[in-house]
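Participant: One structure, as structure tokens, below. Some questions next.
The values are calculated or read from the model by the stated rules, or taken from the named source; none is laboratory data. Since the model is a prediction, treat every value here as computed from it, not as a measurement. Because the Cβ atoms are built from the backbone with ideal geometry, glycine has one as well, and the counts that use them run over all protein chains shown. Quick note on the areas: whole protein, heavy atoms, side chains included, nothing else; ligands and nucleic acids left out. Shrake-Rupley method; radii C 1.70, N 1.55, O 1.52, S 1.80 Å.
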Amino acid sequence: MATGTCAALLEVRALTERLCATLTPEDSAVQAMDDASPTKWHLAHTTWFIETFALPRLCRDYQPVDPRFGYLFNSYYEALGPRHERPKRGLLTRPSLREVADYRQRVDAVLAEAGRDLDEETARVLVLALNHEQQHQELILTDIKYLFGQNPLRPAYREARALPAASSPAPVRWMPQDAGLQWIGAKEGRGLDDFVFDNECPRHRVFVEPHALASRPVTCGEYRDFIVDGGYETPTLWLSDGWSAVQSNGWHAPLYWRRAGDSFLLTTLEGERPVADDEPVCHVSYYEADAFARWAGAHLPTEEEWELAAREVPVEGNLLDSDVLHPRPAPSFSSSARPAQLFGDVWEWTRSAYLPYSGFRPFEGAFGEYNGKFMMNQMVLRGGSCFTPQSHLRATYRNFFPPGARWQMSGIRLARDLS
Ligand SMILES: [Fe+2]
């Protein structure tokens, strides 16, 4: 029986499979757009990652299950050679879902046999594989949501679950935050309990001007006011690229909002239903978040402002572990001096470009391609979403997507200058 790091990885992989339990083989094979991958591909790719980077370290004579899988399921590692084109992942009707399940079982069997005494580098690789698997858990959910959102039948990923009724969130309060010279970022750590990605390091100082953060994320009701006020028809609210995106894509509301008379319907993983005004707005691009903030007389926080607010806050909230799979309204009352919902519900766009911190050192070898080469033309998001595993997150965690991306669980928290 596996113990320690291998056991932890196997536990995470078992959750991946539970997340896919309601999907048919047809659901699992289709790629709904270039940026999204089929579930089957995610299942195989995370397995390939372990097979390629960890298993040769665990078994001296390890032979790949199928040497052709390296070409099919390598995502973007140039160091490992050529690979199947990303936009064509949905064409891979073979290997079948059953064969991919078998692939997973065979790799898991090796992990299950591994001993407890791992050398330090092997343990590090397995911990990275665990965190990688968790990232793909969120992607499986965002990508299947996008796929179902394209289907006129609006299929449900699962049956709707009854939740306790939530009362309306309290109006936004502006909460002054620490300013001046501050430390952000993480110390390097590659163990099960102290793992951080290379892009979170090193700890370093930043100078932060006086500012306040909104006490909670922007709600659907507030975003609807922006729409009704002509937000999508007012070019002066938008960045130039954002206005181009509005016009070329015909955006008039967040992704998954569908106009129905005077109101909107919303695609969720539990099917389509009316937009709920009290829930945090989700599935907006950076451009929409920025335009909303301008309309509201505010701006988006920088990533350091966000991190400083979150550094003493426990990583708790509506995360994947809650199994709600949709953002929940903020509390109707809070006496806390800290902003609510920093973790979970929706990833929060920051106005920080995704760049290396001063002193950044990429992981060594092929893992150096994991984060560093994407530090261009993307914006940082913070805080995780209702699709993010709790154990995957921390205050220093940096997510990143291009400013036009809307299929992730991306929402808005506002900030204001106080100087
Ligand atoms: Fe990956």
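Participant: Take Arg161 and Arg338, extend 7 Å from each Cα along the Cα→Cβ direction, and tell me the distance between the two endpoints in nm.
Facilitator: Label-label distance for Arg161 and Arg338, simple model: 2.4 nm.
Participant: Could you list the GluC sites (Glu not before Pro) in segment 121-175 that lie in coil according to DSSP, counting only those with at most 13 other Cβ atoms within 10 Å of their Cβ?
Facilitator: Glu159
Participant: Could you work out how much longer the chain between Lys187 and Ala79 gets when fully extended? Use 0.36 nm per residue separation minus the Cα distance between them, nm to one decimal.
Facilitator: 36.2 nm
Participant: At R0 = 60 Å, how high is the FRET efficiency between Leu239 and Asp102 if r is their beta carbon distance? Nearest 0.05 is fine.
Facilitator: 0.80
Participant: Could you compute the net charge surrounding Asp119? Neighbours are other residues with a C-beta less than 13 Å from the C-beta of Asp119; K and R count +1, D and E count -1.
Facilitator: Net of charged neighbours comes to +2.
Participant: Would segment 89-191 count as rounded, prolate or oblate if I go by the C-alpha gyration tensor, calling it rounded below 1.5 in a/c and otherwise prolate when a/b exceeds b/c, oblate otherwise?
Facilitator: oblate
Participant: Under the rule of -39500 (n - 2.57) per DSSP H run of 4 or more residues, summed and divided by the residues of the chain, what mean residue ellipticity at 222 nm is obtained, to the nearest 500 deg cm²/dmol?
Facilitator: Taking each H run of at least 4 residues, the total per residue is -9500 deg cm²/dmol.
Participant: Can you tell me the FRET efficiency between Asp66 and Ser263 if r is taken as the Cβ-Cβ distance and R0 is 60 Å, rounded to the nearest 0.05?
Facilitator: E(calc), rounded to 0.05, equals 0.75.
Participant: In square angstrom, what is the accessible area per residue of segment 297-419 with a 1.4 angstrom probe?
Facilitator: So segment 297-419 comes to 36 Å² accessible per residue, rounded to a whole number.
Participant: So, by mean Cβ neighbours within 10 angstrom, what's the order for 109-115, 327-333 with the highest one leading?
Facilitator: Final packing ranking: 327-333, 109-115.
Participant: Where in segment 151-190 is the amide nitrogen less than 14 Å from a point lying 7 Å along the Cα-to-Cβ axis of Ser248?
Facilitator: none
Participant: Within segment 393-415, name every residue whose backbone N is under 19 Å away from a label modeled 7 Å from Cα of Met375 along the Cβ vector.
Facilitator: Label zone hits: 396-403.
Participant: Rank-order 302-308, 225-231 by packing density, defined as the average count of other C-beta atoms within 10 Å over each peptide's residues, highest first.
Facilitator: Taking the mean over residues of other Cβ atoms within 10 Å, the ranking is 302-308, 225-231.
Participant: Ignoring ligands, DNA and RNA, please state the percent of accessible area on the chain from carbon and sulfur, probe 1.4 Å.
Facilitator: C and S atoms contribute 51 percent here.
Participant: A further question follows. Work out how much length Arg203 to Gln390 would gain on full extension: take 0.36 nm times their residue separation and subtract the Cα-Cα distance, in nm to one decimal.
Facilitator: 65.1 nm
Participant: Which whole-number percent is the relative contact order of the chain (Cα, under 8 Å, 6+ apart)?
Facilitator: Reported as a whole number, the value is 18 percent.
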